[in-house]
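Below: one structure, written as structure tokens.
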Amino acid sequence: PLFAIDLSDPANPVITGQLKVPGYSSYLHPLKDNLVLGIGRDVKETYIINDKGEEEAVGTLDDGLKLSLFDVSSGTPVELDTVKITDSRNVYTEAQNNHKAMMVDPQRGNIGFSVREYKDTKDISFGLIFNIDSDKKLSDAVKLPVDEQEEYTYFGQDRLCYIGDVLYYINDGIIYSYDYNNYSPITSLNIK
């Protein structure tokens, strides 16, 4: 569960509320307006039929990468929105474990990070940008176009950043640039 804790008296912390949702957030990132973004995994329960003929939960199964947007302004957290990136268990983002892997643009209300999907025998990498709109909902993801690579060499960590109206995506030794207003590609530079 996600707990809200009152620390006004540090010697006597008090749990003011909790929220239990399917899955978990391995990273929580504070945003403006008392919002918290959770990046983690969705899970689904697995069941068996027991000796009495009843369904019995016996565990959970990873069901893909998930974002959750929480409002923590009151004493009890509320999940405002959730976005499941994919149903595949073979999807990962470094932002789950490293806050430096996430781009946050508070002026535009954007968040972004790189995603890796292991599909068949290929390792596919792409950048995703989400917007938190005025209704405190996560927009559909913008998937940044990158060149198809024959072989992924994992040159280093993938990162998203922006300077003014140019968005940059550093991916496997290639720096891609995009118009930050419409995400159209500008150019790329191979630094391998």
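Scanning region 1-38 for residues that are of a type outside the set (A, V, I, L, M, F, W, C), closer than 23 Å to L65 by Cα and in a strand (DSSP E or B) yields Q18, Y24, S25, S26, Y27, H29, P30, G38.
A quick yes/no check of all residues on (1) among the hydrophobic types (A, V, I, L, M, F, W, C); (2) without any contact (Cβ under 8 Å) to a residue 60 or more places away in the chain; (3) exposed (fewer than 15 other Cβ atoms within 10 Å of the Cβ):
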{"residue": "P1", "(1), (2), (3)": "no, yes, yes"}
{"residue": "P13", "(1), (2), (3)": "no, yes, yes"}
{"residue": "D71", "(1), (2), (3)": "no, no, no"}
{"residue": "T86", "(1), (2), (3)": "no, yes, no"}
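Looking across region 97-114, the residues that are open to solvent by less than 60 Å² (accessible area, probe 1.4 Å) and modelled with pLDDT of 90 or more come down to A101, M102, M103, V104, D105, G109, N110, I111, G112, F113, S114.
Take S8 and decide whether it is within 27 Å of K122 (Cα to Cα), among the small types (G, A, S) and at pLDDT 90 or above.
Considered against the rule, which asks whether it is within 27 Å of K122 (Cα to Cα), among the small types (G, A, S) and at pLDDT 90 or above, S8 comes out as no.
So which residues in region 54-85 are assigned to a strand (DSSP E or B), under 17 Å from S26 (Cβ atoms) and out of contact with any Asp or Glu (no Cβ under 7 Å at 6 or more places or on another chain), if there are any at all?
L61, D62, L65, L67, E79, T82, V83, listed by residue number.
For the residues S125, S177, S134, the requirement of being closer than 24 Å to S68 by Cα and surrounded by 14 or more Cβ atoms within 10 Å (Cβ to Cβ) singles out S125.
The values are calculated or read from the model by the stated rules, or taken from the named source; none is laboratory data. On a predicted model such as this, the values are computed, not experimentally measured, just so you know. In this analysis, Cβ positions are derived from the backbone assuming ideal geometry, glycine residues included, and neighbour counts consider all displayed protein chains. Each accessible area value is taken on the protein alone, full model and side chains, heavy atoms only, with ligands, DNA and RNA left out. Shrake-Rupley method; radii C 1.70, N 1.55, O 1.52, S 1.80 Å.
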